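A.B. asks: One structure coming up, written as structure tokens, with questions to follow.
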Amino acid sequence: QVQLVESGGGSAQPGGSLRLSCVASGSIARIIGWHRQAPGKERELVAHIVSDGTTEYAESVKGRFTISGETPKNRVDLEMFNLKPEDTAVYYCKYTTWSNKVYWGNGTLVTVSL
């Protein structure tokens, strides 16, 4: 059984920054990263790290968000810079095992507003 502990998030003004962290207990992840879901929208990928070290970002966050971590350590951090109101969402840590089983964190709210 995998447990995900998320931390960070909160409120920021446009142009500000926030940091999210996710630590997983259990077996080594194949992919670990963050998705988000804004009100009335579907959940979408923000960024993730694959076991070979490659990273993938949503086009909307490229150049503003940085994901770091290592799947063997089961930890991933997401640094979010130059935040925009459209970044407001509940952010979820997603963990995918080598057998492609998926686990989700409980989510942490990020609010960007004046």
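A.B. asks: Please give the contour-minus-distance gain from Lys101 to Ala58: 0.36 nm per residue of separation, less the Cα-Cα distance, rounded to one decimal in nm.
C.D. replies: Between Lys101 and Ala58, full extension yields an extra 13.3 nm.
A.B. asks: Choose one of Thr55, Leu45, Ser7: the residue whose Cα lies farthest towards the positive end of the charge dipole of the chain (beta-carbon charges +1 Lys, Arg; -1 Asp, Glu; about the Cα centre).
C.D. replies: Ranked along the dipole, the leading option is Ser7.
A.B. asks: Under 5 Å between amide H atoms, partner at least 5 residues away or on a different chain: which partners does Ala29 have, H built in plane at 1.01 Å?
C.D. replies: Correct list: Asn74.
A.B. asks: Summarise the accessible area of the chain (1.4 Å probe, protein heavy atoms) by the percent that is carbon and sulfur.
C.D. replies: About 49 percent, which is the carbon plus sulfur part of the accessible surface.
A.B. asks: Ignoring ligands, DNA and RNA, what accessible area per residue does the chain give at 1.4 Å, in Å²? Before the final figure, lay out the partial values.
C.D. replies: Working: 6060 Å² over 114 residues.
Averaged over the residues of the chain, the accessible area is 53 Å².
A.B. asks: In sequence order, what are the phi-derived ³J(HN,Hα) couplings for the stretch 98-114 according to the Karplus relation 6.51 cos²θ - 1.76 cosθ + 1.60 with θ = phi - 60°, rounded to whole Hz, with x for glycine and proline?
C.D. replies: Rounded to whole hertz, the list is 5, 9, 6, 7, 10, 10, 10, x, 6, x, 9, 7, 10, 10, 10, 7, 6.
A.B. asks: Using bins 5 angstrom wide from zero, how does P(r) for the chain break down, in % of all Cα pairs?
C.D. replies: 2, 13, 25, 25, 19, 10, 5, 1, 0
A.B. asks: With +1 on the Cβ of every Lys and Arg and -1 on the Cβ of every Asp and Glu, and nothing else charged, how large is the dipole of the chain about its Cα centre, in debye rounded to the nearest 20?
C.D. replies: About 160 debye.
The values are calculated or read from the model by the stated rules, or taken from the named source; none is laboratory data. Everything numeric in this text was worked out from a predicted model, so none of it was measured. Positions of Cβ are generated from backbone atoms using ideal geometry, with glycine treated the same way; all protein chains shown enter the neighbour counts. Surface accessibility is based on the protein's heavy atoms, side chains included, excluding ligands, DNA and RNA. Shrake-Rupley method; radii C 1.70, N 1.55, O 1.52, S 1.80 Å.
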